[in-house]
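Presented below is the structure to which this report refers.
The values are calculated or read from the model by the stated rules, or taken from the named source; none is laboratory data. Everything numeric in this text was worked out from a predicted model, so none of it was measured. Cβ coordinates were reconstructed from backbone atoms using ideal geometry, including for glycine residues, and neighbour counts include every protein chain displayed.
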Amino acid sequence: MRNPTLDVYIDDIATVADLLTKSSSVLDKVPTDGGWSAAQCLAHLADAEISLSLRVRMMFTSDGYKFLNWDEDAFAALNPKRSGLASVGVFTALRRANVELFEGLSEEQMSRTGIRTDGSEITVLAYIEYMNKHVTAHLEQAIRALAN
């Protein structure tokens, strides 16, 4: 199944990997405003892709699956020096596996829903679109950190 949302989802693999063209010392540079470094943004994107991967599989296989919250700052604090290369590797591998899964599913399956932590329902496809925007926001954050 191909559509614009999945096209962006696929294109983000290369966009995220492009940050690795920067040296690791630059990726680790913490901005003066105290925000996340580019490497921390990449680690967060890997963590978020792990979450997405589980959530969509649960949505496909469970009726009324309720999302669990996770604390992105607590995850980031576990190891603020995570490797950008490892993070991009995790992100890329999960995205590719998810694309392979999605391409074998029907529109009806991609319309299955889960329940977000605020109690609202969201379809798989709408969740992927939301996460595409999430990637864009954190890439912009990483670029700001590199420029800072």
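For the reader, a short list of remarks on this structure follows.
Quick grid of which residues meet (1) over 19 Å from L45 (Cα atoms); (2) surrounded by fewer than 18 Cβ atoms within 10 Å (Cβ to Cβ); (3) not basic (K, R):
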position: D71; (1), (2), (3): no, yes, yes
position: A86; (1), (2), (3): no, yes, yes
position: V99; (1), (2), (3): no, yes, yes
position: S106; (1), (2), (3): yes, yes, yes
position: G119; (1), (2), (3): yes, yes, yes
position: L125; (1), (2), (3): no, no, yes
position: I128; (1), (2), (3): no, no, yes
position: E140; (1), (2), (3): no, yes, yes
position: I143; (1), (2), (3): no, yes, yes
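- Residue identified as free of Cβ contacts under 8 Å to residues at least 24 places away in the same chain and in a helix (DSSP H, G or I) among A43, A48, A97, A74: A74
- Residue under evaluation K29, criteria (1) within 16 Å of Y127 (Cα to Cα); (2) outside any helix (DSSP H, G or I); (3) basic (K, R), criterion not met: (1)
- Test: residue in the stretch 82-102 that is modelled with pLDDT of 95 or more and touching a Lys or Arg at 6+ places or on another chain (Cβ under 6 Å): no
- For the stretch 103-138, residues that are modelled with pLDDT of 95 or more and in a helix (DSSP H, G or I) total 18.
- Where G64 falls short, out of the listed (1) more than 14 Å from the chain's Cα centre (by Cα); (2) crowded, with 21+ Cβ neighbours inside 10 Å: (2)
- Taken over the stretch 28-76, the criterion of being touching a His at 6+ places or on another chain (Cβ under 8 Å) and within 16 Å of L146 (Cβ to Cβ) is satisfied by W36, C41, H44, L45.
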